There are 2 protein chains.
Amino acid sequence: MATPLKKHDVFQAIADPTRRQLLHVLAEQEMPITQISNRFPMSRTAISKHLRVLEEAGLVQNRRVGREKRYRMQAEPLLELKRWLSFYERFWDNKLVALQRFVEDGQE
Amino acid sequence: MATPLKKHDVFQAIADPTRRQLLHVLAEQEMPITQISNRFPMSRTAISKHLRVLEEAGLVQNRRVGREKRYRMQAEPLLELKRWLSFYERFWDNKLVALQRFVEDGQE
DNA sequence: GCAACATGAAACCAAATGGTTTCATGTTCA
DNA sequence: TGAACATGAAACCATTTGGTTTCATGTTGC
């Protein structure tokens with residue numbers, strides 16, 4: 001059990017604007033897919049595919065309730081994004097970076 | 001002057017692992033493309049395309065120095081990501097979310 | 001001036017992506 | 001039981017993506 005080998009990761013999952021909207025909607029409340037797709041200008045099948053991508057990234061879960069399947073957001077995988085971002089925090093609004101560039105620009 | 005209509009945004013730009021590596025490399029120091037592509041297992045042309053995507057997203061800048069063009073990271077656009085992420089902070093490690101789910105699960 | 005170097009641009013390609021439509025399957029409840 | 005509903009799966013399609021190779025252009029410095 002070495003590589004996770006998930007087909008889609010968090011970075012890919014949130015790259016698409018429709019999927020970001022989906023995430024936003026499912027953050028507030030769980031919802032069956034038919035109800036979800038009423039809010040989007042595309043077919044239920046298209047939404048279904050987007051949901052699968054989000055699921056593969058761990059950003060969405062579902063549970064069966066009667067004949068419907070309710071989807072909800074799962075926020076934890078976003079922590080990976082947060083961690084990735086934290087590396088770059090020192091690069092914005094940072095005096096050291098300005099200094100570094102000043103030095104580089106003076107090199108020739 | 002309505003829509004920015006940039007072909008690539010930050011979310012797309014960081015979706016690709018190669019581009020994330022590029023960003024990481026160019027965060028530490030500026031570098032001409034030939035030197036950059038020596039660090040990657042693909043052609044200089046491929047790197048060139050990735051750099052263009054990063055540039056369109058505003059994540060990379062360049063300046064001419066003699067016959068070479070040195071690339072460097074520009075971190076500011078990542079703030080959009082940070083802002084986007086901040087909306088979801090209340091969803092991880094949050095008692096309220098647990099309560100919400102408890103209520104939902106009890107509904108039938 | 002010109003060889004060597006650094007880069008850009010174009011044509012091409014396979015695979016992935018984001019949609020569609022159509023059909024199949026399972027569930028509910030009157 | 002069977003009609004209506006909720007979903008999933010499959011086939012298909014156009015465009016985008018991520019790579020290649022080949023060729024063109026501009027710059028440097030002996």
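Points to keep in mind about this one:
- Any hit, segment B:30-41, residues being in a loop (DSSP other than H, G, I, E, B), of a type outside the set (Ser, Thr, Tyr) and touching a strand residue (DSSP E or B) at 6+ places or on another chain (Cβ under 6 Å): yes
- Criterion violated by B:Met73 - all others in (1) within 13 Å of another protein chain (Cβ to nearest Cβ); (2) open to solvent by 10 Å² or more (accessible area, probe 1.4 Å) satisfied: (2)
- Filter result for A:Gln12 (assigned to a helix (DSSP H, G or I) and more than 10 Å from the chain's Cα centre (by Cα)): no
- For segment A:49-58, the set of residues classified as within 8 Å of DNA strand C (Cβ to nearest atom) and without any contact (Cβ under 8 Å) to a residue 40 or more places away in the chain consists of A:Lys49, A:His50, listed by residue number.
- Residues of segment B:79-105 classified as part of a helix (DSSP H, G or I) and at pLDDT below 75, total: 11
- If you check A:Gln12, A:Gln35, A:Gln61 for being within 16 Å of DNA strand D (Cβ to nearest atom), among the polar types (S, T, N, Q), over 19 Å from B:Pro17 (Cα atoms) and within 12 Å of chain B (Cβ to nearest Cβ), only one passes: A:Gln61.
- Considering residues of segment B:46-56 that are aliphatic (A, V, I, L, M) and either open to solvent by 60 Å² or more (accessible area, probe 1.4 Å) or in contact with a Lys or Arg (Cβ under 7 Å, 6 or more places away or on another chain) (or both) only, the residue farthest from DNA strand D (Cβ to nearest atom): B:Leu54
- The single condition among (1) surrounded by fewer than 20 Cβ atoms within 10 Å (Cβ to Cβ); (2) out of contact with any Lys or Arg (no Cβ under 7 Å at 6 or more places or on another chain); (3) in contact (Cβ under 8 Å) with a residue 12 or more places away in the chain; (4) more than 19 Å from A:Ala15 (Cα to Cα) that B:Gln61 does not meet is (2).
- Every residue from segment B:21-45 that is away from DNA strand C (no atom under 12 Å from the Cβ) and open to solvent by less than 40 Å² (accessible area, probe 1.4 Å): B:Leu22, B:Leu23, B:Val25, B:Leu26, B:Ala27, B:Phe40
The values are calculated or read from the model by the stated rules, or taken from the named source; none is laboratory data. None of the values given here were measured: they were computed from a predicted structure. All Cβ positions, glycine included, derive from the backbone under ideal geometry; neighbour counts span all protein chains shown. For the accessible areas, the whole protein counts, side chains as well, though only heavy atoms, and no ligand, DNA or RNA atoms are used. Shrake-Rupley method; radii C 1.70, N 1.55, O 1.52, S 1.80 Å.
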